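Take a look at the structure below.
Read-outs throughout are calculated quantities, based only on the coordinates presented, and are distinct from any laboratory measurement. The shown structure was predicted, so the numbers you read here are calculated from the model rather than taken from an experiment. Cβ placement follows ideal geometry from the backbone for every residue including glycine, while neighbour counts extend to all protein chains displayed.
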Amino acid sequence: MTTMQEIITILAVIFGTMVTRFLPFILFPEGKTPPKYISWLGTVLPCAVIGFLVVYSLKDTVSSPFHGLPELISILFIALLHKWRKNTLLSIGSGTILYMYLVQAWFH
Amino acid sequence: MKTKAFKAALPHTLPICVGFLFLGMSYGFLMRSKGFSFVYPMLMSLFIFAGSMEFVTVNLLLSAFRPLYAFFLAFMINARHLFYGISMLEKYKHTGWKKAYLIYGMCDESFTINCTVTPPPGVEKGWFLFFITLLNQLYWVAGATLGALLGYVIHFDTTGIEFVMTALFVVMFINQWEENKHHGPALTGLACSFSALLIFGAESFILPAMALIVFCLSLSKNRPNSELPSDE
């Protein structure tokens with residue numbers, strides 16, 4: 001690809017990404033009240049979307065060699081630790097370190 | 001006021017800081033290893049600011065020139081942002097000129113944090129969300145640039161560091177779970193996404209998962225016990 005083609009490709013990606021981010025705000029501007037269905041969706045979606053994101057971040061583990069075992073162990077650890085200490089940074093940090101240890105020392 | 005908002009925002013972004021620095025560095029290093037100068041990851045992380053898509057774009061740049069395909073691919077891979085936008089219609093109100101940037105920088109992680117945290121008393125919402133978004137982007141751009149510049153010097157084994165994203169989403173999920181009486185939407189999100197993943201596979205499950213989530217949520221909308229869950 002020429003440099004100009006590269007720039008155009010990147011611009012296409014930027015545009016595609018920005019459409020997904022701005023479209024709801026363009027369709028439902030601040031001044032007007034959005035349809036009740038959309039407002040309702042905006043209250044229930046956050047919880048569902050975070051559930052989606054958990055699955056999304058694990059999407060490649062199902063077919064991985066260990067079928068997500070190090071991930072499962074780490075997630076259980078995070079859940080227990082977080083229920084106990086309720087410290088976001090601690091839970092995320094130690095969960096990640098545990099996972100890195102597991103995949104580097106055992107699951108590789 | 002701005003300093004207060006900045007100080008309040010900073011701690012919420014610290015988990016992301018570590019993750020983005022290392023993930024960004026792996027991205028910058030990857031691009032450098034494929035022959036791109038550091039300018040590429042630096043500008044791409046600045047203007048695209050969507051991690052997974054940026055990795056895909058590396059492949060796009062090394063393939064045949066298909067701009068329309070690139071556009072549609074970016075739209076599909078990032079389609080979940082449509083949900084973020086709908087979720088944030090309320091919370092991003094009354095933020096003035098900052099709103100444009102809040103939307104522009106609405107990646108997975110900034111969405112998750114902005115949607116679940118509330119500013120402490122006395123801190124203005126707009127600036128609080130702004131600094132969370134800005135700091136996250138700063139970490140990402142810094143990581144990508146550093147990675148491309150320092151790629152040959154870094155030598156410790158960062159295998160598995162990308163799990164920090166999963167860890168973030170899990171913790172946020174638990175926080176949301178504790179704060180809400182009705183667990184229907186959260187369970188719907190998990191179940192629909194997982195089912196779609198099993199049926200359609202990792203490459204193609206995003207859109208079906210989103211459709212399934214909206215469908216199942218709407219089913220419960222008209223049941224007698226589905227009041228609007230109270231949040232905020």
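Summary table
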item	result
Note, ³J(HN,Hα) from phi for region B:85-97, Karplus 6.51, -1.76, 1.60, rounded to Hz, x at Gly and Pro	x, 4, 5, 9, 3, 6, 5, 8, 5, 6, 10, x, 5
Long-range tail of P(r) for region A:61-108 (Cα pairs > 13 Å, %)	54
Nearby lysines by direct alpha-carbon distance to residue B:221 (threshold 27 angstrom, same-chain neighbours under 8 apart not counted)	A:32, A:36, B:91, B:93, B:181
Table column - 3J(HN,Hα) (Hz), region B:167-182, Karplus curve with 6.51, -1.76, 1.60, x for Gly and Pro	4, 4, 5, 5, 5, 5, 4, 5, 4, 4, 4, 5, 7, 10, 6, 8
Theoretical FRET efficiency, 1/(1+(r/R0)^6), r = Cβ-Cβ of residue A:89 and residue B:39, R0 30 Å, to 0.05	0.35
Calculated FRET efficiency for the pair residue A:11/residue B:93, C-beta based, R₀ 25 Å, to 0.05	0.25
Among B:143, B:114, B:92 - extreme Cα towards positive end, dipole of the protein assembly as shown, charges at beta-carbon	B:92
Charge dipole magnitude, Cβ of K and R +1, D and E -1 - the protein assembly as shown, Cα centre, debye nearest 20	680
Point-to-point label distance, residue B:222-residue A:108, nm (Cα→Cβ direction, 7 Å offset)	5.6
Per-residue ³J(HN,Hα) for region B:140-150, Karplus 6.51 cos²θ - 1.76 cosθ + 1.60, θ = phi - 60°, Hz, x for Gly and Pro	5, 5, 4, x, 4, 5, 4, x, 5, 7, 9
Student exercise, chain A dipole from Lys, Arg, Asp, Glu Cβ charges, in Debye to nearest 20	460
Farthest toward positive dipole pole in chain B [+1 Lys/Arg, -1 Asp/Glu at C-beta], among B:187, B:24, B:47	B:47
C-alpha long axis of helix B:51-61 to longest principal axis of chain B, angle in °	40
Rounded tilt (10° steps) of B:67-77 against the dominant C-alpha axis of chain B	40
Scattering curve values for region A:1-57, log₁₀ I(q)/I(0), Debye with Cα scatterers, q = 0.23 Å⁻¹	-0.96
Shielding score for A:34-43, defined as the mean number of other chain Cβ atoms within 10 Å	4
Given charges at beta-carbon only (K, R positive; D, E negative), |dipole| of region B:39-195 in Debye	480
Fully extended contour minus Cα-Cα distance, from residue B:56 to residue B:199, at 0.36 nm per residue	49.2 nm
Computed [θ] at 222 nm, deg cm²/dmol, chain B (DSSP H ≥ 4; -39,500 (n - 2.57); rounded to nearest 500)	-24000 deg cm²/dmol
Per-residue average of Cβ from other chains inside 10 Å of B:191-198	5
Cα-based helix-to-principal-axis angle, A:3-27 vs chain A, degrees rounded to 10	80
All aspartates and glutamates inside 17 Å of residue B:4 as judged from Cα atoms, apart from same-chain residues fewer than 8 positions distant	B:124
Gyration tensor (alpha-carbon) shape descriptor, the protein assembly as shown, a/c threshold 1.5	rounded
